[in-house]
Amino acid sequence: MTHGAFDDWQAMARTGLESARSLGDQRAQALIHETLGAMYKDSKRLTQAAEHHRAALDLRTRIGDWAGVAESANGLGVVHSWCHELAASRARLEQALALYRQYGPYDRTGVVLNNLGYAAAGLGEFDEAARLAHQAMTVYRETAADHYLHIDALRLLARAARKAGHHAEAEGHLTDATALLERTGPSVIEALLRLEQATLLREQNRHDQALEAYWACETLQRFLGSRLGQAQAYDGIGHTMRALGRLQEAIDFHTMAAHILRDPPQPWDLAQTLAHLADAHADNDQPEQARHHRAEALTLLAPFPDPQATALRQRLQQLIAE
């Protein structure tokens, strides 16, 4: 998981699933469906990820494994969150939290609280996101959780603070998270943390530092095989180039990000990137290209009802109408 070895991971899980089926072991089948769900999620094949988590949930419900149902509900909730299906994500995560509180294990409540925090941040509820992150960290301290879990909670706190405009507070959380990186090793967590740091630097207009951070993030994401992570880094570089007035370079990087996000399709991330690409074309006196990308972004945004998507949709509609 920490190194993105998806081919080996899939091959091992498929072998395990065949063995579990031949033995008629439903508990083992559910466990393998769960790991396949995680593999497909991390490789950004989210439709397949949801299918495997649902298969695990059905099996665990059938045999009355309620802690297992909680695990599957949490997995589904994270997949929904990555698809930007935030209401569905919150519903599944709240189901998981209730089951963990009733059946245990207690340490898993921290993970679900943190995931609920990310869903809240996606819905623009930044105070709620911070509250949930602090609750998660309390559980992590009580259960002596791995450092990478503390790092992810601090990353959520940094995002909530940044989105609320509290940049100094966000920087403090990232400093604390970076200090913990020295005592842990998961490269995936490091890549996610570096992306948040780069975004904060860009929003603080520290453009040279932001570019350096985005390139470091891109290198790490490429090493891990995370195409979505690379796309997010390229999109951030495009943002920074536009702020520096280097418009053709901004267009090139946003275009690279959009290309990655088309295969496999990532509608929410692609819609945001196309909106950024359109802004760069508009600044570069290319109104037709800007209009084309905004229209495609609007089509992609149609299934998303949340406040963030609604605000972006309204902005794009206004710009097209001008």
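General observations
- Here the condition is being modelled with pLDDT under 95 and farther than 30 Å from Thr138 by Cα; of Ala13, Ala28, Ala55, it holds for Ala13 alone.
- Members of the stretch 202-253 that are at pLDDT 95 or above and among the basic types (Lys, Arg): Arg202, Arg206, Arg242, Arg246
- Exactly one residue out of Thr273, Thr178, Thr199 is under 17 Å from the mean Cα position of the chain (by Cα) and under 24 Å from His147 (Cβ atoms): that is Thr199.
- Among the residues of the stretch 259-268, those that are without any contact (Cβ under 8 Å) to a residue 60 or more places away in the chain and crowded, with 21+ Cβ neighbours inside 10 Å comprise Ile260, Leu261.
- A single member of Ala98, Ala88 is aliphatic (A, V, I, L, M), modelled with pLDDT of 95 or more and within 19 Å of the chain's Cα centre (by Cα), and it is Ala88.
- Candidate set: the stretch 111-142, residues that are free of Cβ contacts under 8 Å to residues at least 60 places away in the same chain and small (Gly, Ala, Ser); chosen: the one farthest from Glu196 (Cα to Cα): Ala136
- Applying the set (1) farther than 25 Å from Asp252 by Cα; (2) in contact with a Ser or Thr (Cβ under 9 Å, 6 or more places away or on another chain); (3) not hydroxyl-bearing (Ser, Thr, Tyr) to Ala297 leaves exactly one unmet item: (1).
- Enumeration of residues in the stretch 208-230 that are open to solvent by 30 Å² or more (accessible area, probe 1.4 Å) and within 16 Å of Arg242 (Cβ to Cβ): Asp208
- The residue list Tyr100, Tyr148 contains one member that is part of a helix (DSSP H, G or I) and open to solvent by 30 Å² or more (accessible area, probe 1.4 Å), which is Tyr148.
- Every pair of residues 6+ apart whose Cβ atoms lie under 7 Å, when the first sits in the stretch 85-110 and is closer than 18 Å to Asp65 by Cα and touching a residue at least 24 places away in the same chain (Cβ under 8 Å) while the second is of a type in the set (A, V, I, L, M, F, W, C) and open to solvent by 70 Å² or more (accessible area, probe 1.4 Å): Leu99/Trp66; Tyr103/Trp66
- Tally of residues being open to solvent by less than 10 Å² (accessible area, probe 1.4 Å) and under 18 Å from the mean Cα position of the chain (by Cα) across the stretch 122-141: 3
So that you can scan it fast, the table gives a plain yes or no per residue for (1) surrounded by 15 or more Cβ atoms within 10 Å (Cβ to Cβ); (2) closer than 30 Å to Glu125 by Cα; (3) in contact with a helix residue (DSSP H, G or I) (Cβ under 8 Å, 6 or more places away or on another chain):
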site: Gly238; (1), (2), (3): yes, yes, yes
site: Gly245; (1), (2), (3): no, no, no
site: Phe253; (1), (2), (3): yes, no, yes
site: Ala257; (1), (2), (3): yes, yes, yes
site: Leu277; (1), (2), (3): yes, yes, yes
site: His281; (1), (2), (3): yes, no, yes
site: Ala290; (1), (2), (3): yes, no, yes
site: Glu296; (1), (2), (3): yes, yes, yes
site: Leu319; (1), (2), (3): yes, yes, yes
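- Residue within the stretch 60-71 that is farther than 21 Å from His33 by Cα, in contact (Cβ under 8 Å) with a residue 24 or more places away in the chain and small (Gly, Ala, Ser) present: no
The values are calculated or read from the model by the stated rules, or taken from the named source; none is laboratory data. Since we're looking at a predicted model, the values are computed, not measured. All Cβ positions, even for glycine, are placed from backbone atoms using ideal geometry, and neighbour counts span all protein chains on display. With ligands, DNA and RNA removed, areas are computed over all heavy atoms of the protein, side chains included. Shrake-Rupley method; radii C 1.70, N 1.55, O 1.52, S 1.80 Å.
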